[in-house]
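Everything on this sheet refers to the single structure shown next.
The values are calculated or read from the model by the stated rules, or taken from the named source; none is laboratory data. Please read these numbers as outputs of a predicted model, since none were measured by experiment. Glycine gets a Cβ as well: all are built from the backbone with ideal geometry, and neighbour counts include every protein chain shown. To get the accessible areas, we keep the full protein, side chains included, count just its heavy atoms, and leave off ligands, DNA and RNA. Shrake-Rupley method; radii C 1.70, N 1.55, O 1.52, S 1.80 Å.
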Amino acid sequence: MRCWHPHDAPLFKAALDSSLPELQRWIPWAMNEPSQLDLLEDRLNGYRDDFFGGRSALFALMDPDETEVLGGAGLYRRVGPGALEIGYWVRSDQAGQGFATEAAHAMTEAGFMLSGIERIEIHCDPLNAPSIAVPRKLGYEHGETLVDHAVGPRGESRDTMIWRLTMEAYAATRWEHCSC
Ligand SMILES: CC(C)(COP(=O)(O)OP(=O)(O)OC[C@H]1O[C@@H](n2cnc3c(N)ncnc32)[C@H](O)[C@@H]1OP(=O)(O)O)[C@@H](O)C(=O)NCCC(=O)NCCS
């Protein structure tokens, strides 16, 4: 996992374009795809500016040789003070291998290292079973489901499940697994 760079645009495009049916079921921004390479380069420049400006941290998920984008994941400051939201997507032909869980785990660890972060959330459509599996596996608790709270990719109303992990619960889990 690393910060996006504009030179990732061709690999980013290959990952997005090969995953459109799945992405467009769940993610509104995916309805704007496929995009031209220059637009994707601009977008990646924006991600980089946001990353180093401390606004949001979007990461590329790469294979070890950096020849393929496996997906994307991000930490967003859009759920109020003292909190971060995690988002993720994985290219369709690499799904089901634990990549989203691994990325969300790493972002959970990174998020709680940031000063002042007391809570991390993951928001999912209740119909999106693979996405719900991620916070569940990582020990997040289902808080509430907001009805008709979101707008889906085709403008339809969607429900939103809110999963939360508090710093307290996270720290307790870490101590449970500590052998010292
Ligand atoms: C959701 C998404 C990110 C999951 O990525 P992934 O790398 O396949 O996820 P993981 O392999 O880490 O975990 C997926 C889990 O879902 C489970 N799963 C898959 N299909 C499922 C189903 N129909 N019902 C229940 N669980 C299911 C898998 O078994 C796995 O759990 P396991 O490890 O206990 O077996 C990926 O499918 C995706 O990009 N979807 C489109 C975009 C999207 O929905 N993003 C999330 C928006 S909130």
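Please state the charge dipole magnitude for the chain, taken about the Cα centre, from unit charges on C-beta atoms (+1 on K and R, -1 on D and E), reported in debye and rounded to the nearest 20.
Computed charge dipole of the chain: roughly 340 debye.
Quick one: ranking 163, 29 by accessible area, 1.4 Å probe, largest first, what do you get?
Working: 163 10, 29 95 Å².
Largest accessible area first, the list is 29, 163.
Output the peptides 151-157, 74-80, 101-107 sorted from most to least packed, where packing is the average of other Cβ atoms within 10 Å over each peptide's residues.
Answer by packing, highest mean first, reads 101-107, 74-80, 151-157.
What accessible area, in Å² to the nearest ten, does a 1.4 Å probe give for residue 142?
80
For the chain, what is the largest minus smallest coordinate of the Cα atoms on each principal axis, given in angstrom and ordered from greatest to least?
Rounded to whole Å, the extents work out to 48, 38, 31 Å.
Starting from the residue with the highest accessible area, list 66, 109, 33 in decreasing order, probe 1.4 Å.
Details: 66 90, 109 50, 33 15 Å².
So the residues, ranked largest to smallest area, are 66, 109, 33.
Would you look at the GNM of the chain, springs on alpha carbons closer than 10 Å, and say which of 165, 16, 127 moves the most?
Comparing 165, 16, 127 in a Gaussian network model of the chain, the most mobile one is 127.
Which Cα, out of 45, 3, 165, lies furthest along the positive dipole direction of the chain (beta carbon charges, K/R +1, D/E -1)?
Checked the options; the winner is 165.
So what does residue 92 come to for accessible area, using a 1.4 Å probe and Å² rounded to 10?
50
In percent, how large is the relative contact order of the chain, given Cα pairs closer than 8 Å and 6 or more residues apart?
Values: 302 pairs, mean separation 32.2, N = 180.
This gives 18 percent for the chain.
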